[in-house]
Amino acid sequence: MVRVFQILTVVRQVVVLSCVCLLVTGCKIPEKNKPIWEQVKISDIAPSASSEQSESQFLKAINFDVHIFEIPAENINKLDDIWKILYVQPLRFRDYKAFRANSFFVRFGQAPMWNPMLDLLRAADGQKVVTVKLLLADSQTSDVVVARLNTKQEVLYISSGGLTDKTTIGPGILSLRVRAKKASGSRDMCSIIAEPTFSVPINGSVPDLAERARRHEFIFDPLAFGLKMSPGDFVLLGPERYISDQSALGGLFFSKPKGSLFFGETLLKPPELKPSVRVFILVYSGISG
């Protein structure tokens, strides 16, 4: 009799537990929460205007760090020591003669050259001003601010064929525009094109304002350069000579005649205000996502 009672008790407990399981979970063991990127499809959150882009374009970002240094204009010849340890390959130019005629100079380097280059920059009393991080979707552009123009001004530059040309720009921003695209057939290589650009910034995304801003945009197309890069690669962009004239593109882009404070490598002397030049180091760190 006792054994029958025990059996009935066990059966009753099983039935009760089964009912609870059916009511609460349907007897299924809850699955582990999925990451949010697996639950939400890109098509659910992307604006309709971007529907032509693939999911990989939204999920992946091409990453760069842009380090901007200043050195005293009186030390510009010391940049020659840096140019010598870097390469002109694999750089490509839209018009190499126009590039050089405007006092633009660029060289390519790889990770082992990084520390020797920084040592030579410090030897020229170079000091870092800022580091800008760029995260670009495939084929997207981003602008690195070079100078802010508060008024209209005429800018002279050497165009294709060695002709002196001019344009009126401002108010707005002179920048280095960088376009990046993942290289086909490679997991981590990318192709970039960089070119000096004037643009008018806008707040918001009103189509009429964006179109008006684009009409005032000016790209110094003959000075574009490009290359393919692997993680750790970098390019150094700077002036070939010091140009104090701010009406010349090379002077406006690289030179700071009003000067910057330089403390010197040893920091034993009081800071001095000296005319300076800017150099830009664009470092490719890879594709994330």
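The values are calculated or read from the model by the stated rules, or taken from the named source; none is laboratory data. Note that the structure is a prediction, hence the values are computed from the model and not measured. Ideal geometry is used to build each Cβ from the backbone, glycine not excepted, and the neighbour counts take in all protein chains shown.
Observations, loosely collected:
- Candidate set from the stretch 88-119 (those that are in contact with a Lys or Arg (Cβ under 7 Å, 6 or more places away or on another chain) and of a type outside the set (V, I, T)); member that is nearest to I158 (Cα to Cα): S103
- Residue count for the stretch 153-172, restricted to those that are crowded, with 18+ Cβ neighbours inside 10 Å and closer than 20 Å to D143 by Cβ: 5.
For (1) touching a helix residue (DSSP H, G or I) at 6+ places or on another chain (Cβ under 7 Å); (2) at pLDDT 95 or above; (3) among the hydrophobic types (A, V, I, L, M, F, W, C), each residue gets a yes or a no:
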{"residue": "N63", "(1), (2), (3)": "no, yes, no"}
{"residue": "I68", "(1), (2), (3)": "no, yes, yes"}
{"residue": "F93", "(1), (2), (3)": "yes, yes, yes"}
{"residue": "T131", "(1), (2), (3)": "no, yes, no"}
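- Qualifying residue in the stretch 119-132 (condition: over 22 Å from the mean Cα position of the chain (by Cα), within 17 Å of L237 (Cα to Cα), assigned to a loop (DSSP other than H, G, I, E, B) and among the small types (G, A, S)): yes
- If you go through the stretch 259-289 and keep only what is in contact with a helix residue (DSSP H, G or I) (Cβ under 8 Å, 6 or more places away or on another chain), over 27 Å from D143 (Cβ atoms) and either among the aromatic types (F, W, Y) or modelled with pLDDT of 95 or more (or both), you end up with just K274.
- Any hit, the stretch 88-108, residues being of a type in the set (S, T, Y) and surrounded by 13 or more Cβ atoms within 10 Å (Cβ to Cβ): yes
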